[in-house]
Amino acid sequence: MEKNQFRLADVILSVICVVFVAEAAAPVASIGNSQYFWWIFMILAFLLPYGLIAAELGTAYAGDGGLYDWIHAAYPDGKWAARASWYYWINFPLWMASLAVMCPELITFITGRSLGTFGSLVVELLFIWIVTLIACYPVCDSIIILNVSAVIKIVLALLVGGLGVWYISRYGFVNDMSARTFLPSFDLNSLSYISVIIFNFLGFEVVCTYAGSMADPRRQIPQAIVTGGVVIAAIYLFSAFGIGAAVPTRDISVDSGLIDAVSLMTGRTGGVLVGIVALLFLVTLFGNMISWSMGVNSTAAYAAERGDMPAVFARRRKDNDMPVGSALVSGIVASAVCLLGAVIQAVSPDSSLFWSFFALNLVMLLLSYMPVFPAFLALRRKYPQAERPFRVPGGPGMLRVLAYVPMVLIGLSIPVSYTHLTLTT
């Protein structure tokens, strides 16, 4: 595809591909019916203001820099942008490694055969380097992968939600549905998964780095964020309802919850449907990593070109200007993490590598977003007359609420979630 051929539908699907995480509903459903309160609360208190702020900043500062550019524009003399770019980048290879360790298990669901330690490691490394290779080409070359992944994610969410509705129509609710169970729980287990919800709402700024492949980014970005945000909120709630209504809370596995949920709702631990779901789920993992890799690598290269990250991150391909330096370093780091994980698994077979890697990745990513919200307010104060194709509505007081509430939620969730997730692995 030629440059600037992203249609509005492509941008909306890219938002869904980046932000919506197919496996998100299962871990959160493990806390019981209080999950519904936390989903709705986080949609209103985090997803909505974050999406609006990203739409304004993404159209006012459309380009490859993403959140680094926003923070640097607000605080040019400080190191907040440099810190954020480091946190933002290192989260990616850690996340890629955490998803890589899920791939052998998914292949076992698909084929019915265990791969063993060596075979699993080979699959993990293949996953990492396929993503790394694709990341060396422009995002518009991967538009079919992103669109297909987004559609599959929607199908999986509708399938899980639909199976839940079918199950309760035949057998009724499997969990206690009394009113008191819907009250929010504030125990450590429940609070730890609030950060997982926040994590599953992040990524709008990634799509902003695709601006160079859009015909009219200043119009398409806010439209895609608003439309995609509404769709994402709806399908998260629907899939969460399906799992929460039809799967006993005690039986939900936080590692392979989506597959387990389908197995329990259909009464089959294997079979064609479970294999198809596992295959589709595997495809979405590639879509997740490919879409994020292009945004993260662009941000890291942009920061390196301004001296805030090592020069290797600034290396670009001469034929297409893609940030191959960042992509290769990410692939090397993710591979090293998986190799370390193989050693850990050999010593302690019962350890959960997914959550071990994911906990650290989660903290790094959340830390990178902390300066974005005060940067939004600072840019409004410093450049009140700057052109803003999309403006977050509201006066100064409302804007402070929209900025500080998400920032406080991130700040509160980091220590609780990291402590709990690492202790449970």
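The values are calculated or read from the model by the stated rules, or taken from the named source; none is laboratory data. All values derive from a computational prediction rather than experimental measurement. Cβ: placed from backbone, ideal geometry, glycine included. Neighbour counts: every protein chain shown. The area values use the complete protein model at the heavy-atom level, side chains included, leaving out ligands, DNA and RNA. Shrake-Rupley method; radii C 1.70, N 1.55, O 1.52, S 1.80 Å.
Below is a table of values for the structure above.
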{"quantity": "Those residues of the stretch 331-348 which are modelled with pLDDT of 85 or more and closer than 10 Å to Ala97 by Cα, in sequence order", "calculated": "Gly331, Val333, Ala334, Ser335, Ala336, Val337, Cys338, Leu339"}
{"quantity": "Where Cys136 falls short, out of the listed (1) in a helix (DSSP H, G or I); (2) over 20 Å from Asp260 (Cα atoms); (3) out of contact with any strand residue (DSSP E or B) (no Cβ under 7 Å at 6 or more places or on another chain); (4) open to solvent by less than 40 Å² (accessible area, probe 1.4 Å)", "calculated": "(1)"}
{"quantity": "Inter-residue pairs, beta-carbon under 8 Å, first within 15 Å of Val230 (Cβ to Cβ) and touching a residue at least 40 places away in the same chain (Cβ under 8 Å) and in the stretch 8-25, second open to solvent by less than 10 Å² (accessible area, probe 1.4 Å) and among the aromatic types (Phe, Trp, Tyr), 6+ apart", "calculated": "Val11/Tyr210; Val15/Phe204; Val19/Phe201; Val19/Phe204; Phe20/Tyr236"}
{"quantity": "So Ala278, is it in contact with a Leu (Cβ under 6 Å, 6 or more places away or on another chain), modelled with pLDDT under 90 and either open to solvent by less than 10 Å² (accessible area, probe 1.4 Å) or acidic (Asp, Glu) (or both)", "calculated": "yes"}
{"quantity": "Verdict on Val312 being open to solvent by 10 Å² or more (accessible area, probe 1.4 Å) and at pLDDT below 90", "calculated": "no"}
{"quantity": "Exclusive hit being hydrophobic (A, V, I, L, M, F, W, C) and under 17 Å from Ala150 (Cβ atoms), set Val207, Val247, Val274", "calculated": "Val207"}
{"quantity": "Criterion (open to solvent by 20 Å² or more (accessible area, probe 1.4 Å), among the aromatic types (Phe, Trp, Tyr) and part of a helix (DSSP H, G or I)) met by exactly one of Phe118, Phe92", "calculated": "Phe118"}
{"quantity": "Failed criterion for Val283 (all others in (1) open to solvent by 10 Å² or more (accessible area, probe 1.4 Å); (2) free of Cβ contacts under 8 Å to residues at least 40 places away in the same chain hold)", "calculated": "(2)"}
{"quantity": "Tyr50 being aromatic (Phe, Trp, Tyr), assigned to a helix (DSSP H, G or I), open to solvent by 10 Å² or more (accessible area, probe 1.4 Å) and more than 25 Å from Cys140 (Cβ to Cβ)", "calculated": "no"}
{"quantity": "Residues of the stretch 15-46 classified as modelled with pLDDT of 85 or more, among the aliphatic types (A, V, I, L, M) and open to solvent by less than 10 Å² (accessible area, probe 1.4 Å), total", "calculated": "5"}
{"quantity": "Conditions (1) modelled with pLDDT under 85; (2) assigned to a helix (DSSP H, G or I); (3) open to solvent by 10 Å² or more (accessible area, probe 1.4 Å); number of the one not met by Ser298", "calculated": "(1)"}
{"quantity": "Flag for Val131 being in contact with a Leu (Cβ under 8 Å, 6 or more places away or on another chain) and either surrounded by 14 or more Cβ atoms within 10 Å (Cβ to Cβ) or over 18 Å from Thr266 (Cβ atoms) (or both)", "calculated": "no"}
{"quantity": "Which listed residue is among the hydroxyl-bearing types (Ser, Thr, Tyr) and under 26 Å from Val363 (Cα atoms), from Thr108, Thr132", "calculated": "Thr132"}
{"quantity": "Residue that is farthest from Ala211 (Cα to Cα) [pool: residues in the stretch 368-407 that are in a helix (DSSP H, G or I) and of a type in the set (D, E, K, R)]", "calculated": "Arg400"}
